[in-house]
Amino acid sequence: MAKSLENLTTLLLITLTIFSFISLSTAHDYSFSKDLSAEKELNHKKQKLTHLHFYFHDVVSGPNATALRVAQAATTNVSAVSFGYVAVLDDPLTVGPEPSSKKIGSAQGMYISTSQSDLQLQLVVNYVFTEGIYNGSTLSILGHNAILTPLRELPIVGGTGVFRFATGYAHLTTYMFNLTSLDAIVEYNVYVLHY
């Protein structure tokens, strides 16, 4: 009996040792990153350059405003350049400059008056496309917009859908600015690299 108890103990020890080694060898790697092959992950797609041309309609006046003030500093109303003004927007993007032109998407995000001496905005916005092959895709822009400069350049910092891994830039030109209402129409020429 002592011999069978010794054999059982030995067998149990061997079994536990084997299970321990199996558990250690199949343990998960909990590292937070690993290198991937872009070609393999993107199914060998090549990067391409796309030019987009559209108009951005920023309506801050009237009952159908598409950009609304949501915050301001205590001194914003006495500042000549509205320093500290924060607005959220859901502005239409259209094919032509006319408000009735075909809508191709929306600019959704916010802008902030960030200069104490000039009309300059920090723009944080996603261009959400709703037409054609770009339907459901977005481009993200984050940058400095000196709105009185005739030609401005803002960086594209990302995108989704067709524009996944997007980089590039947008050239902005003011098409119309109403000094009374402060409504504006801005022409966009966007150059985006994507897969």
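Of all residues being of a type in the set (A, V, I, L, M, F, W, C) and modelled with pLDDT under 95 in segment 113-145, which is farthest from residue 192 (Cα to Cα)? Just the residue, please. Steps first, answer last, please.
Kept after step one, since they are of a type in the set (A, V, I, L, M, F, W, C), are these residues of segment 113-145: 119, 121, 123-125, 128-129, 133, 139, 141-142.
Still in the list and also modelled with pLDDT under 95: 119, 121.
Details: 119: 27, 121: 22 Å.
Out of the qualifying residues, it is 119.
Considering 133, 112, the condition of being open to solvent by 20 Å² or more (accessible area, probe 1.4 Å) and in contact with a helix residue (DSSP H, G or I) (Cβ under 7 Å, 6 or more places away or on another chain) is satisfied by 133 alone. In segment 93-100, the count of residues that are under 23 Å from residue 177 (Cβ atoms), out of contact with any Ser or Thr (no Cβ under 9 Å at 6 or more places or on another chain), free of Cβ contacts under 8 Å to residues at least 40 places away in the same chain and not β-branched (Val, Ile, Thr) is one or more. Close contacts from segment 64-75, counting a first residue that is within 14 Å of residue 107 (Cβ to Cβ) and a second that is part of a strand (DSSP E or B) and among the acidic types (Asp, Glu), with Cβ to Cβ under 7 Å and a gap of 6+ residues or different chains, come to 66/58; 66/90; 66/91; 67/58; 67/91.
Restricting to segment 115-130, what's the tally of residues that are over 13 Å from the mean Cα position of the chain (by Cα) and either farther than 21 Å from residue 77 by Cα or surrounded by fewer than 18 Cβ atoms within 10 Å (Cβ to Cβ) (or both)? Give the steps one after another, and end with the answer.
Keep residues of segment 115-130 that are over 13 Å from the mean Cα position of the chain (by Cα), which gives 115-122, 130.
So of that shortlist, the ones also either farther than 21 Å from residue 77 by Cα or surrounded by fewer than 18 Cβ atoms within 10 Å (Cβ to Cβ) (or both) come out as 115-119, 122, 130.
Summing the residues that are over 13 Å from the mean Cα position of the chain (by Cα) and either farther than 21 Å from residue 77 by Cα or surrounded by fewer than 18 Cβ atoms within 10 Å (Cβ to Cβ) (or both) in segment 115-130 gives 7.
Residue check: residue 149 meets all listed conditions (1) in contact (Cβ under 8 Å) with a residue 40 or more places away in the chain; (2) open to solvent by 50 Å² or more (accessible area, probe 1.4 Å) but one, namely (1).
From the residues in segment 143-195 that are in a loop (DSSP other than H, G, I, E, B) and among the hydrophobic types (A, V, I, L, M, F, W, C), which one is nearest to residue 58 (Cα to Cα)?
Our first condition is that a residue be in a loop (DSSP other than H, G, I, E, B); within segment 143-195, this holds for 147-151, 164-166, 178-183, 195.
Pick out the ones that are also among the hydrophobic types (A, V, I, L, M, F, W, C) and you get 147-148, 151, 165-166, 179, 182.
Details: 147: 12, 148: 15, 151: 17, 165: 27, 166: 24, 179: 13, 182: 9 Å.
Of everything passing the filter in segment 143-195, 182 is nearest to residue 58 (Cα to Cα).
The values are calculated or read from the model by the stated rules, or taken from the named source; none is laboratory data. Note that this is a predicted model, so its numbers are computed, not measured. Note that we place each Cβ from the backbone using ideal geometry, even for glycine, and neighbour counts take in every protein chain shown. Side chains included, ligands, DNA and RNA excluded: accessible areas come from the protein's heavy atoms. Shrake-Rupley method; radii C 1.70, N 1.55, O 1.52, S 1.80 Å.
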